[in-house]
Amino acid sequence: MFAIQLTNTHLILAVDEEIQVTELVTYELNDGIATITVNNGKANALSHEVFDALNAALDQAEQDKAIVILTGQPGMFSGGYDLKEMQKGPKEAMALVKVGSTFTRRLAAFPLPVIAACSGHAIAKGAFVLLSVDYRIGVEGGFKLGLNEVAIGMTMHHAGIEIARHRMPAPYFYRSVVNAEIFNPETAIAAGFLDEIVAPLRPTAILGKNLVALRHLEKIAVSPASAVLRLFKMTIHNRDSLGSLDPEPTRLKMLPLNTRHRGFEGANLFHPADPEQIGI
């Protein structure tokens with residue numbers, strides 16, 4: 001086994017059985033399974049640097065022909081876009097959203113199976129990542145999952161709306177996208193964010209509790225059906241069905257955010273002192 005350390009856009013190959021944790025993203029290959037872990041502060045906020053590192057990790061997984069397990073820190077899958085970048089101005093916000101939308105489209109059409117080991121909270125763009133992969137396993141606990149953009153005065157990129165439409169049952173699509181309803185892990189299954197939940201474990205151990213799903217996807221990935229899988233995913237997630245990646249300024253206009261928002265997209269959901277600010 002070897003680990004590939006990702007720092008921004010740089011890869012460092014290390015022949016070692018230990019995962020080499022960095023500030024942003026780590027990559028570990030073990031028996032044809034690549035575990036990609038995001039580790040960017042308390043919120044696991046998604047910035048340009050994080051997306052660069054994630055894309056480099058996916059490049060390596062594709063080269064390794066590996067099934068991907070995407071996970072986060074214990075208790076936090078991702079709180080969404082880094083609002084410190086989003087609040088720099090409309091141009092900067094559109095640039096980050098375009099990068100993020102391109103990344104989730106890449107996940108959706110990735111030629112090998114992608115599994116999300118949702119290690120905790122998954123809010124806003126973090127929840128969109130869950131909607132973009134093949135299989136989602138969450139953990140039990142007091143975690144929040146959902147799309148809170150409307151609640152904090154943000155609109156959604158139309159590609160994200162279409163991804164949600166693809167993966168969510170119709171009643172939950174409206175409740176989530178329009179009403180900004182937030183779910184716990186149990187109700188997130190019916191809403192379409194998760195496929196199942198397990199008892200709390202280390203993020204990299206979540207899949208150990210469901211080898212059936214993992215091995216099923218592994219068989220597809222290495223069988224003659226793999227070419228069909230690639231074609232099928234590319235067809236489902238083509239540009240026409242998910243919309244253009246060019247953000248529309250009217251869709252990205254942000255209302256003034258209260259200064260109590262703490263620098264990332266889903267921030268207020270984790271600060272009960274501000275419940276009136278987010279409508280929960």
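Can you tell which of Ile163, Ile152 is under 23 Å from Met94 (Cα atoms) and in contact with a helix residue (DSSP H, G or I) (Cβ under 6 Å, 6 or more places away or on another chain)? Reasoning before the result, please.
Details: Ile152 fails: in contact with a helix residue (DSSP H, G or I) (Cβ under 6 Å, 6 or more places away or on another chain).
Within the list Ile163, Ile152, the selection yields Ile163.
May I ask you to list the residues in the stretch 37-50 that are surrounded by 22 or more Cβ atoms within 10 Å (Cβ to Cβ) and either at positive phi or aliphatic (A, V, I, L, M) (or both)? Walk me through how you get there before you give the answer.
Step one: of the stretch 37-50, the residues surrounded by 22 or more Cβ atoms within 10 Å (Cβ to Cβ) are 37-38, 40, 43-46, 50.
Answer for the stretch 37-50, where residues must be surrounded by 22 or more Cβ atoms within 10 Å (Cβ to Cβ) and either at positive phi or aliphatic (A, V, I, L, M) (or both): Val38, Ala43, Asn44, Ala45, Leu46, Val50.
Listed here are the residues, each with its yes/no results for (1) buried (at least 24 other Cβ atoms within 10 Å of the Cβ); (2) within 21 Å of Leu194 (Cβ to Cβ); (3) in contact with a helix residue (DSSP H, G or I) (Cβ under 8 Å, 6 or more places away or on another chain).
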residue: Ile69; (1), (2), (3): yes, yes, yes
residue: Pro74; (1), (2), (3): no, yes, yes
residue: Leu83; (1), (2), (3): yes, no, yes
residue: Glu92; (1), (2), (3): no, no, yes
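Output yes when any residue across the stretch 158-169 is over 15 Å from the mean Cα position of the chain (by Cα), more than 21 Å from Cys118 (Cα to Cα) and hydrophobic (A, V, I, L, M, F, W, C), and no when none is. Before you say what the answer is, go through the steps one by one.
Start the filter on the stretch 158-169 by keeping residues that are over 15 Å from the mean Cα position of the chain (by Cα), which leaves 158, 162, 165-166, 168-169.
Checking the rest, the ones that are also more than 21 Å from Cys118 (Cα to Cα) come to 158, 162.
Then keep just the ones that are hydrophobic (A, V, I, L, M, F, W, C); that gives none.
Scanning the stretch 158-169, I find no residue that is over 15 Å from the mean Cα position of the chain (by Cα), more than 21 Å from Cys118 (Cα to Cα) and hydrophobic (A, V, I, L, M, F, W, C), so the answer is no.
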**Asked** Exactly one of (1) free of Cβ contacts under 8 Å to residues at least 60 places away in the same chain; (2) surrounded by fewer than 24 Cβ atoms within 10 Å (Cβ to Cβ) is unmet by Ala53. Its number?
**Response** (2)
**Hits in the stretch 29-63 - residues which are among the acidic types (Asp, Glu) and more than 16 Å from Leu107 (Cβ to Cβ)** = Asp31, Glu49
**Item:** Residue that is surrounded by the most Cβ atoms within 10 Å (Cβ to Cβ), among those in the stretch 155-180 that are part of a loop (DSSP other than H, G, I, E, B) and among the polar types (S, T, N, Q)
**Value:** Thr155
**Fill in**
Gly138 fails exactly one of (1) surrounded by 23 or more Cβ atoms within 10 Å (Cβ to Cβ); (2) modelled with pLDDT of 95 or more; (3) touching a strand residue (DSSP E or B) at 6+ places or on another chain (Cβ under 9 Å); (4) not aromatic (Phe, Trp, Tyr), namely (2)
**Asked** Does Gly100 meet the test of being surrounded by 22 or more Cβ atoms within 10 Å (Cβ to Cβ), without any contact (Cβ under 8 Å) to a residue 60 or more places away in the chain and of a type outside the set (A, V, I, L, M, F, W, C)?
**Response** yes
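The values are calculated or read from the model by the stated rules, or taken from the named source; none is laboratory data. Source: prediction; values computed, not measured. Neighbour counts are summed over all protein chains in view; Cβ atoms, including those assigned to glycine, are modelled from backbone coordinates with ideal geometry.
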